[in-house]
Ligand code: SF4
Ligand code: SF4
């Protein structure tokens, strides 16, 4: 990716189109253990449902407390060897559950979903499917403050260079159709739109959903921009009044839901795009919870000191610090950067060039915002510089002449404000 030679022309970053000759995904074997990350701190659970030494089956729900809404699905059978506190993004307190894979019992899946869900319902979907690959989120349908009127299935990518969701459109439109039928049935919502890049419009037609084309220029596939641009007619006609009327699911999640209700078995392998240091792009299919080291081994890739591992894409991904980091249900992409390729951030002051303002797709006054963020005036950033309007696309950081890590400042500010709000409501 290169910037435009002419500074005043916006950089044109385009999403990757899946190749006609795209190779089949490489299946990654788990060497020893999987690790599941639960979105709750371990000490939060008064009574832990599972303990070290317990045997779990593939497809079994793993959660810390009986009444906890959040859970993950074990992608393998085996014994729990560890339940420890885990610090996630922005020091988020989570719980890591490690399972030593038992090859003998790997083929004996948990039957609870099959037994308890003879017919698809929204409740059974929320109870069993939120841990599927693609991490389908049913919470908007249970939120009394929201009235969902349309569903958008994203056959596009969240970040540059990935082809994960396009692969499902290209090779599995039948299972997406089944998933869309299931979604319609359990939600009662018939307005389902499949958003795809131009080159997949024809194949997407077989999905039974309304097909809309998403522009190839980044960040057009961001859910909020999709609502604004491709559902504009429905908003004008009054069918939709706000982005909050729309629920989003990835093509992978919808395909997995279709397969789950069709077969009674929960799909537990995550598809992801792997970019190695030499820029080579390949698809990998790895059980949820697979540590990164197993993927590196499958692709014969090595990581040295000061190389960078990014979960997510080049614009919005997060650097991680261990090759034990597991694949999560929403890990669409992993990229490895050689230390020689990493552009450095700087501590240079903003020169007010205005590049960030020109590039921002939602017109945030980024040059003002950045000053408030650097001074840690987060509340002022929200009230005076439209922090909340930011869709976190990362373009401002990409173009910044002073190489200020604006995107990271924004994430930190939003996280801090959220935490302050939670503390206030607890108090
Ligand atoms: S990260 Fe936010 S502020 Fe920066 S360009 Fe994207 S939307 Fe605008
Ligand atoms: S934050 Fe960076 S891109 Fe924006 S005005 Fe300042 S120097 Fe220019």
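The values are calculated or read from the model by the stated rules, or taken from the named source; none is laboratory data. Note that this is a predicted model, so its numbers are computed, not measured. When we count neighbours, we look across all protein chains shown, and the Cβ atoms used for this are built from the backbone with ideal geometry, even at glycine.
Could you say which residue among 319, 306 is more than 19 Å from residue 16 (Cβ to Cβ), touching a helix residue (DSSP H, G or I) at 6+ places or on another chain (Cβ under 8 Å) and either loosely packed, with under 15 Cβ neighbours inside 10 Å or in the same structural domain as residue 37 (by TED's automatic domain parsing) (or both)?
None of the other options fit; the residue is 306.
I'm trying to understand the selection: among the residues of the range 98-110, which are touching a residue at least 40 places away in the same chain (Cβ under 8 Å) and either closer than 22 Å to residue 255 by Cβ or surrounded by fewer than 19 Cβ atoms within 10 Å (Cβ to Cβ) (or both)?
100, 102, 105, 106, 108, 109, 110
Can you name the condition, by its number, that residue 259 falls short on among (1) at pLDDT 95 or above; (2) over 18 Å from residue 309 (Cα atoms)?
Unmet for residue 259, out of (1) at pLDDT 95 or above; (2) over 18 Å from residue 309 (Cα atoms): (1).
For the range 277-304, give me the residue count where each residue is within 18 Å of residue 322 (Cβ to Cβ) and in contact (Cβ under 8 Å) with a residue 24 or more places away in the chain.
From the range 277-304, those within 18 Å of residue 322 (Cβ to Cβ) are 277, 286, 288-299, 301-304; that's our starting set.
Filter again for in contact (Cβ under 8 Å) with a residue 24 or more places away in the chain, leaving 277, 286, 288-299, 301, 303-304.
Final tally of qualifying residues: 17.
With 64, 95 as the choices, which residue is crowded, with 19+ Cβ neighbours inside 10 Å, at pLDDT below 90, in a loop (DSSP other than H, G, I, E, B) and not assigned by TED's automatic domain parsing to the domain that holds residue 218? Step through it out loud before you land on a result.
Working: 95 fails: in a loop (DSSP other than H, G, I, E, B).
Unique residue meeting the criteria: 64.
Take residue 385 and decide whether it is more than 8 Å from ligand 1 (Cβ to nearest atom) and either touching a helix residue (DSSP H, G or I) at 6+ places or on another chain (Cβ under 6 Å) or free of Cβ contacts under 8 Å to residues at least 60 places away in the same chain (or both).
yes
Among the listed residues 365, 314, 326, 343, identify the single one that is under 20 Å from residue 276 (Cβ atoms) and either in contact with a helix residue (DSSP H, G or I) (Cβ under 6 Å, 6 or more places away or on another chain) or within 16 Å of ligand 2 (Cβ to nearest atom) (or both).
Values: 365 fails: under 20 Å from residue 276 (Cβ atoms); 314 fails: either in contact with a helix residue (DSSP H, G or I) (Cβ under 6 Å, 6 or more places away or on another chain) or within 16 Å of ligand 2 (Cβ to nearest atom) (or both); 326 fails: either in contact with a helix residue (DSSP H, G or I) (Cβ under 6 Å, 6 or more places away or on another chain) or within 16 Å of ligand 2 (Cβ to nearest atom) (or both).
So the residue among 365, 314, 326, 343 that is under 20 Å from residue 276 (Cβ atoms) and either in contact with a helix residue (DSSP H, G or I) (Cβ under 6 Å, 6 or more places away or on another chain) or within 16 Å of ligand 2 (Cβ to nearest atom) (or both) is 343.
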